[in-house]
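These notes are about the structure you will find just below.
The values are calculated or read from the model by the stated rules, or taken from the named source; none is laboratory data. Bear in mind that the values here come from a model prediction, so they are computed numbers and not experimental data. Don't worry about glycine lacking a Cβ; one is built from the backbone with ideal geometry, like all the others, and counts go over all protein chains shown. Heavy atoms of the whole protein, side chains included, go into the accessibility calculation; ligands, DNA and RNA do not. Shrake-Rupley method; radii C 1.70, N 1.55, O 1.52, S 1.80 Å.
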Amino acid sequence: MPLAEPDIIGKLQKREPSGFLLASLRGVGQVDLQPLIWTGLLILAALWSAGWEIGLFATLGTLVSTATAYALGVDRSSIAVGLQGYSGCLTGIALVISLGHHPATYVLAVVGAIMCTLLTATLTTLLGPYGLTALTAPFCLVSGVMVLGAPSFSRIWNGAPKPVSSPTTGDTGISWDDLWHAFFTNVSQVFLVDEWYVGLIMLAGLACAGARVVLFAAAGSVTGIVTAWALGAPTDLIRNGIYGYNAVLVAIALGAVFLAGTVANGAYALFGAAVSTGLTASLTSLFKPFGGHTFTWPFILTTWVLMAAVPLAPRLRRSD
């Protein structure tokens, strides 16, 4: 994920607690791999517009993960640009959506956010020699384990989760209304929200990060829609962003962050976006029998595989 300029890092390190709050705000933006303050601010505003519980738990998770990194003495430059907060943000959202708004959910969100920081350090250590980053894997691991185990504990589990549509059945016809909804919900589903206006606000936040970022986010969303429709995915799932949010993340990661801005790299990024769309169905089918969740695993696995191939592909090159 991207780093901020050295002078910005220095300012954030010297100003406490304002530095902590700014680092946390950047953590929200880093879910989309962007450390810009305005990006994080607009995305956080979009989350609060989706519902106060979602906004509150996103904020709580980000703050706790960032505070944990400070307490553990994690490298301040990493904290300053939000790299310690984004998994906590997603974990807070995932828990309140899956388990509901209850006192136990607050406790789990705090514990989960702490674990995300620890797992970020673990995965960074393990993946560093291969030139890979943790991405959102800490969120997927922590949230997946907690949600999967929740039904075993009566003080945590408060009823069955919302049913998830099958990834292989349903009407496959698509209208203009479905298409434009899908374009925006592909962006909002990165944060587990299926409201089109939330995606619109988030796109505005990504536009603040630069034209290349928002263009690849848009291209990833379109690629996800086209790929899902071409494969015959159910219309409802396309409309709600289930098949496109991983494509958005892959397109941003490969097209605007990790790889240089060349035509070959751009095509590679959109290829990855299409691959992640197909992988979404496969992983959903894999996890469904035991109540697991796909979350952002398609994005993680696709990005890891494609980035690992770059050193041996001369026409592809990393960003400077």
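Overview of values
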read-out: Test for ASN240: is it in contact with a helix residue (DSSP H, G or I) (Cβ under 6 Å, 6 or more places away or on another chain), of a type in the set (S, T, N, Q) and surrounded by fewer than 24 Cβ atoms within 10 Å (Cβ to Cβ); value: yes
read-out: Residue in segment 71-82 that is touching a Cys at 6+ places or on another chain (Cβ under 9 Å), surrounded by 22 or more Cβ atoms within 10 Å (Cβ to Cβ) and not small (Gly, Ala, Ser) present; value: no
read-out: Restricting segment 239-265 to residues that are touching a residue at least 12 places away in the same chain (Cβ under 8 Å) and more than 18 Å from the chain's Cα centre (by Cα), the residue that is nearest to HIS293 (Cα to Cα); value: ARG239
read-out: Single condition ALA233 does not satisfy, out of (1) out of contact with any Ser or Thr (no Cβ under 6 Å at 6 or more places or on another chain); (2) within 24 Å of HIS293 (Cβ to Cβ); (3) free of Cβ contacts under 8 Å to residues at least 40 places away in the same chain; value: (3)
read-out: Test: residue in segment 297-318 that is free of Cβ contacts under 8 Å to residues at least 12 places away in the same chain, under 28 Å from LEU148 (Cα atoms), assigned to a helix (DSSP H, G or I) and open to solvent by 40 Å² or more (accessible area, probe 1.4 Å); value: yes
read-out: Number of positions in segment 243-259 that are open to solvent by 10 Å² or more (accessible area, probe 1.4 Å) and farther than 15 Å from LEU215 by Cβ; value: 3
read-out: Residues being over 15 Å from THR133 (Cβ atoms) and not β-branched (Val, Ile, Thr) - total across segment 79-93; value: 5
read-out: Extreme residue, nearest to the chain's Cα centre (by Cα), among residues of segment 137-159 that are modelled with pLDDT under 95 and hydroxyl-bearing (Ser, Thr, Tyr); value: SER152
read-out: Per-region count, segment 101-137, residues open to solvent by 20 Å² or more (accessible area, probe 1.4 Å) and of a type in the set (Gly, Ala, Ser); value: 4
